[in-house]
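Single-structure report; data block below.
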Amino acid sequence: MSGKLFIIGLGPGDAAMLTPQAANALAQATDLVGYGPYVVRAPERVGQIRHISDNREELDRARHALEMAAAGRVVAVLSAGDAGVFGMASAVFEAIDKGEPAWRGLEVEVVAGVSAMFAAAARVGAFLGHDFCAISLSDNLKPWALVLQRLRVAAEAGFAMALYNPHSGARPWQLNAAFEVLREILPPATPVVFATAVSRADERVYITTLAEAESSRADMRTLVLVGTAETKLVERPGREPWVYAPRSVA
Ligand code: SAH
C-alpha cells in the first residue's frame, strides 16, 4: 500500500464547520497525529490509531507523521481552524524541506479549514471585509520586538487585524503591551472584539473599543480582532451592535 499524508484543518470547533472534504480525509486515515484536544475532535473509527502529542512538539510530530506515511500508512495531521494559518502545514513542509530526500516523493494533500478569524468575524458582522492581516502574538518562534514592529506597521497602513495566540499562562503580558502600541497609532474608539471559543458551547464574544480593551478578557482560546479608523458599528436597540468594514476607503 502506498502511503499518503493529509494535513487537515478541523475548523473552529463546531462539527458543522468541519468541511465534508476534511471529514472524507479523516475517514481514509489509518493514523491521526496532533495535539490532544484536536485529535479528540475527530470521530472515533475502529482500527484508526491516534498519536497524541504535546502542543510544542510540532516539528517532531511532523517528522513522525512523514515517517509513517513513508512506511505506507495514510496519516492525517490535524490542526484547529485552517492548518495553514499558524497550524501544522508549515511544520510539515519545514520537516520535508530539512528532512529525508525521499519525503519529497510522498503524496501530500492539504485540506483547507475555517480559520478562527473567519468564524469570529462572521459572528459580529463583516469585521474583515476590507484589507486585513493576521498576526500571532506568540513570541515562542519570533522575537517580541518583531511582533511589535508588525503591529505598528499594520496599524499605520490601515489593516484590520486578527490577533492569534493573544494570551497564555506563559505569555500573560503581551496582549496589553500590544494594545499600548496600537493606542499610539489608532483612534481610541477603534472597535476591538474578543472572540473566545467561537462555535463551541462556551463561546463568548465581547465587543469594545481600543481605549477600553484589556487583556483579562482573553485566554488561550480567544481571537482578538482590532479594527481601523474606518471600522463601523451598527447599533441595535437592546442587542449587540454589528461591526463591519466599509467596502471603500476615501
Ligand atoms: N490554525 C488555527 C489557529 C491555531 S493558533 C486557525 O486557523 O484558526 C491557536 C489560536 O487560534 C488560539 O490562541 C486562538 O487565538 C485561535 N483560535 C483557535 N480556535 C478558536 C476558536 N474556536 N475561537 C477563537 N479563537 C480560536
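The values are calculated or read from the model by the stated rules, or taken from the named source; none is laboratory data. Only a predicted model underlies this, so the values are computations on that prediction, with no experimental measurement involved. Cβ atoms come from the backbone with ideal geometry, glycine included; neighbour counts cover every protein chain shown. Surface accessibility is based on the protein's heavy atoms, side chains included, excluding ligands, DNA and RNA. Shrake-Rupley method; radii C 1.70, N 1.55, O 1.52, S 1.80 Å.
Please tell me the relative contact order of the chain in percent, rounded to the nearest whole number, where contacts are Cα pairs under 8 Å and at least six residues apart.
19 percent
Per residue, what accessible area does the chain have, given a 1.4 Å probe and all protein chains present, in Å²?
Dividing the accessible area of the chain by its residue count gives 49 Å².
Size of the chain along its principal axes in angstrom, Cα-based, largest extent first?
Answer, in whole Å and largest first: 59, 39, 36 Å.
Tell me the carbon and sulfur percent of the accessible area for the stretch 146-213, rounded to whole percent, probe radius 1.4 Å.
Carbon plus sulfur share of accessible area: 53 percent.
Once Lys and Arg get +1 and Asp and Glu get -1 on their Cβ, which of VAL108, ALA22, ALA218 lies farthest toward the positive end of the dipole of the chain?
ALA22
Compute the helix-to-body angle for 174-183: its Cα long axis versus the longest principal axis of the chain, expressed 0 to 90° and rounded to tens.
40 degrees
Let me check against my output: what whole-number percent is the relative contact order of the stretch 48-94, with C-alpha pairs under 8 Å and at least 6 apart?
Normalised by residue count, the contact order of the stretch 48-94 is 37 percent.
Around GLY125, which amide H atoms from residues at least 5 apart in sequence, or from another chain, sit under 5 Å from its own amide H, with H modelled in the peptide plane?
VAL243
Which part of the stretch 111-143 falls in the paramagnetic zone of VAL234, meaning amide N under 14 Å from the point 7 Å along Cα-to-beta-carbon?
Counting backbone N atoms under 14 Å from the label point, the list is 122-129.
Mind listing which trypsin sites (Lys or Arg not before Pro) in the stretch 56-123 are in a DSSP loop and have 12 or fewer other Cβ atoms within 10 Å?
Filter output for the stretch 56-123: ARG56.
Could you go through the stretch 91-97 in sequence order and give the Karplus-derived ³J(HN,Hα) for each residue, using 6.51 cos²θ - 1.76 cosθ + 1.60 with θ = phi - 60°, rounded to whole Hz, and x for Gly and Pro?
Coupling constants for the stretch 91-97: 4, 5, 5, 5, 5, 5, 4 Hz.
Where in the stretch 179-231 are there GluC sites (Glu not before Pro) that are in a DSSP coil and have at most 13 other Cβ atoms within 10 angstrom of their Cβ?
Counting only loop positions with at most 13 other Cβ atoms within 10 Å, the GluC sites (Glu not before Pro) in the stretch 179-231 are GLU184, GLU212, GLU214.
Run the numbers on the stretch 79-167 and let me know its relative contact order in percent, using alpha-carbon pairs under 8 Å that are six or more apart.
27 percent
Which value, in Å to one decimal place, does the Kirkwood hydrodynamic radius take for the stretch 25-67 when every pair of different Cα atoms is included?
With all distinct Cα pairs of the stretch 25-67 included, I get 10.8 Å.
Would you mind checking the stretch 174-206 for residues with the amide N under 11 Å from a putative spin-label position 7 Å along Cα→C-beta of ASP219?
What the label zone holds, given the 11 Å backbone N cut-off, is 196-197, 202-204.
Name all residues of the stretch 200-243 having a backbone nitrogen under 17 Å from the label point set 7 Å from the Cα of ALA250 along its Cα→Cβ direction, giving them as ranges.
Only 228-233 pass the distance filter.
Which value, in Å³ per residue, describes the convex hull spanned by the Cα atoms of the stretch 45-103?
Per residue, the Cα convex hull of the stretch 45-103 comes to 88 Å³.
Taking R0 as 30 Å, what's the FRET efficiency between LYS98 and ARG200 from their Cβ-Cβ distance, rounded to 0.05?
The value I calculate is 0.25.
Given a 1.4 angstrom probe, I'd like the percentage of the accessible area of the stretch 16-60 that is carbon and sulfur, rounded to a whole number.
Carbon and sulfur: 53 percent of the exposed surface of the stretch 16-60.
Which loop GluC sites (Glu not before Pro) in the stretch 56-103, with loop taken from DSSP, have no more than 15 other Cβ atoms within 10 angstrom of their Cβ?
GLU57
What percent antiparallel are the DSSP beta bridges of the chain, to the nearest 5?
Within the chain, antiparallel bridges account for around 45 percent of the total.
With Kirkwood's inverse mean 1/r over C-alpha pairs for Rh, give me the Rg to Rh ratio of the stretch 4-114, two decimals please.
0.93
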